[in-house]
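Taking it in order: structure first as structure tokens, then the write-up.
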Amino acid sequence: MKQLNEQMNLGAFVFTFGHHFAAWRHPDTDTNEVISLDYYREVAASAERGKLDMLFLADSGSIPLSDAESSARFVYPESTAVLGAFAAMTTKIGLAATVSTTFNDPYNVARRFSTLDHLSKGRAAWNVVTSTKEGDALNYSMEKLPEHGLRYERAKEFLDVANALWDSWEDDALMWDKQDGIFADKEKVHLLSHSGKAFSVLGPLNIPRSPQGRPVIIQAGTSPAGSRFAASGADVVFTACEDKEEAISFYKHVKGLLPEFGREAGDVKIMPGLMFFVGATEAEAKANEEQFYDLIMPTAGVTYLSRMLNTDLSGCSLDEELPEIELEGNTSRAKLIVEMARKTKQTVRELGMHYAVARGHMKVTGTPEQIADVMEDWFRSGACDGFNIMPPLLPGGMAEFVDQVIPVLQRRGLFRTEYTGNTLREHLGLKRPNSQFAAGETRSMQEEVTK
Ligand SMILES: Cc1cc2nc3c(=O)[nH]c(=O)nc-3n(C[C@H](O)[C@H](O)[C@H](O)COP(=O)(O)O)c2cc1C
């Protein structure tokens, strides 16, 4: 399957300190400046100068302390709070935050993203995650995470309710009739009266419909349940993939699921992560990468693997192969890591180092042209609709990408030179959804929820 667009979509994946596991130990990292407005301002200004589609913030609900040297990696400021700051600092770029459906309620999440969509004039996106870390459950009054299938079941109901809440005000519901004192047309503001397995929500939302109708929905799970969830309701799919052929087959798989949900290939954008190390020459880029390797603490990779595999590996020998791991109910990423470990027969130390660098995302080391070559090849081969750019170090790495790689992509006609739209949906080439309550619309989602 060829990609459908002439130009790629690019996200700026923002991670405290940067994406490299040891970014916080890099000499250029100013540890006094993280979680500061200045830090976020610098990242946002670079990404918007590069005309990227969106800034994306991951999030999580716990921090592992088993390896205190590297737990800096897991510092996560709450992402919708940061998004509010981003909204005030930018005017065009899309703004995506992560919120878990396992530890929240649809009404408060729908309110938060509706508010952000209003404040940003139509640039908000929600990365809908089900959460995978057992440690998160312990911070949200649970003894353990609900089972994988149940998390997705709840996520589906959660998103259906949130969509109905965003739709509960039709576009032309507001009247603002000062003369007769009529604020809104009651016929165009709707109750949900939802009573489902996990949630009971009367509605309507207490915020009128936002500029995008609904914020852009992002999903990043790759299990069968995750892919079906994405195909049924996501606008963007983030993924981690090191191999082009695997990316092509994932792309085909997800796009192939869309007709079942009445959707077309262009309705969902698939964006794998891209970690890069750039230099004026290939040798300089490699030296740049080497410098990062030297910063990884010997135990850090193991800490990271333990978290990804939901298994404590601290007691196992670093120089032996990965022990048996419980995969039943584990994430698709855990399954991929174990598959790769069995295939390559790497030791725990080697595997840990490998994943600590790019976390299973594709990594390209080279000149700006070489990085653009790989991106162009994946894009033209139908492996993706664009990429989520993961600078090893932040905030400086975003400017590196924007100043060095973006101009090459622009010269090749592969990326925009100016924003042509105002909302994130416009940047991504996605339709603005109608309210499911509007005349002529079928309320299929909501009917499904209330069945
Ligand atoms: C690029 C990318 C970003 C992700 N960001 C988050 C995140 O911020 N928080 C989170 O809890 N999970 C995150 N995930 C994990 C997924 O959303 C998903 O929960 C996980 O892959 C397990 O689902 P699965 O078993 O369907 O793959 C991310 C995954 C990818 C590929």
**Tensor-based shape of region 248-373 (alpha-carbon gyration tensor, a/c under 1.5 rounded, otherwise prolate or oblate)** = oblate
**Prompt:** Which net charge results when you count Lys and Arg as +1 and Asp and Glu as -1 among the other residues whose beta-carbon is under 11 Å from that of D30?
**Reply:** -4
**Message:** Restricting to DSSP loop positions (anything but H, G, I, E, B) with no more than 16 other Cβ atoms inside 10 Å of their own Cβ, which GluC sites (Glu not before Pro) remain in region 285-322?
**Reply:** E320
**Complete:** Note: V75 to A280 extended length (0.36 nm per residue) minus current alpha-carbon separation gives 70.6 nm
**Fill in**
Over region 340-451, the quotient of the Cα radius of gyration and 2.2 N^0.38 Å is 1.56
**Message:** If packing is taken as the average count of other Cβ atoms within 10 Å, what order do 164-176, 114-126 fall into, highest mean first?
**Reply:** 114-126, 164-176
**Asked** So which of K144/K363; K252/K431; K121/K269; K92/K431 end up more than 29 Å apart by C-alpha?
**Response** K144/K363
**Prompt:** So how far apart, in nm, are the two label points at I63 and L318 if each is 7 Å from Cα heading toward Cβ?
**Reply:** 2.4
**Prompt:** For helix 332-344, what angle does its Cα long axis make with the longest principal axis of the chain, in degrees from 0 to 90 and rounded to 10?
**Reply:** 20
**0 to 90° range, to nearest 10: angle between helix 37-49 axis and the chain longest Cα axis** = 80
**Item:** lysines with Cα under 17 Å of K197, excluding same-chain neighbours fewer than 8 positions away
**Value:** K156, K451
**Request:** Could you tally the net charge around F415, taking each other residue with its Cβ under 12 Å from the Cβ of F415, Lys/Arg +1 and Asp/Glu -1?
**Result:** 0
**Message:** Can you give me the angle between helix 244-257 and the longest principal axis of the chain, using Cα atoms only, in degrees from 0 to 90, rounded to the nearest 10?
**Reply:** 20
**Asked** Of all the Cα-Cα pairs you can form in region 1-124, what percent are over 26 Å apart?
**Response** 28
**Request:** Return, for the Cα atoms of the chain, the radius of gyration and Dmax in Å, separated by a comma.
**Result:** 21.9, 79
**Prompt:** For D373 and L138, what is the calculated FRET efficiency with R₀ set at 41 Å and r taken between the beta-carbons, to the nearest 0.05?
**Reply:** 0.35
**Request:** Can you pull the one-decimal nm distance between simple spin-label points at H26 and E290, each 7 Å off the Cα toward Cβ?
**Result:** 1.8
**Asked** Classify region 84-211: rounded, prolate or oblate, from the alpha-carbon gyration tensor (a ≥ b ≥ c, eigenvalue square roots; a/c under 1.5 rounded; otherwise prolate if a/b is larger than b/c)?
**Response** oblate
**Request:** Let me have the 222 nm mean residue ellipticity of the chain computed from DSSP H runs of 4+ only, each contributing -39500 (n - 2.57), with the sum over all residues rounded to the nearest 500.
**Result:** -11000 deg cm²/dmol
**Request:** Please report the relative contact order for the chain, taking Cα pairs under 8 Å with a sequence separation of at least 6, and give it as a percent rounded to a whole number.
**Result:** 25
**Fill in**
FRET efficiency (N434, H253; Cβ distance; R0 25 Å; to 0.05) is 0.30
**Asked** Roughly what would the spin-label model give for E6 and D177, points 7 Å off Cα along C-beta, in nm?
**Response** 4.8
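No value in this document is a laboratory result; all are computed from the given coordinates. Everything numeric in this text was worked out from a predicted model, so none of it was measured. FYI the Cβ positions are ideal-geometry reconstructions off the backbone, even for glycines, and counts take in every protein chain you see.
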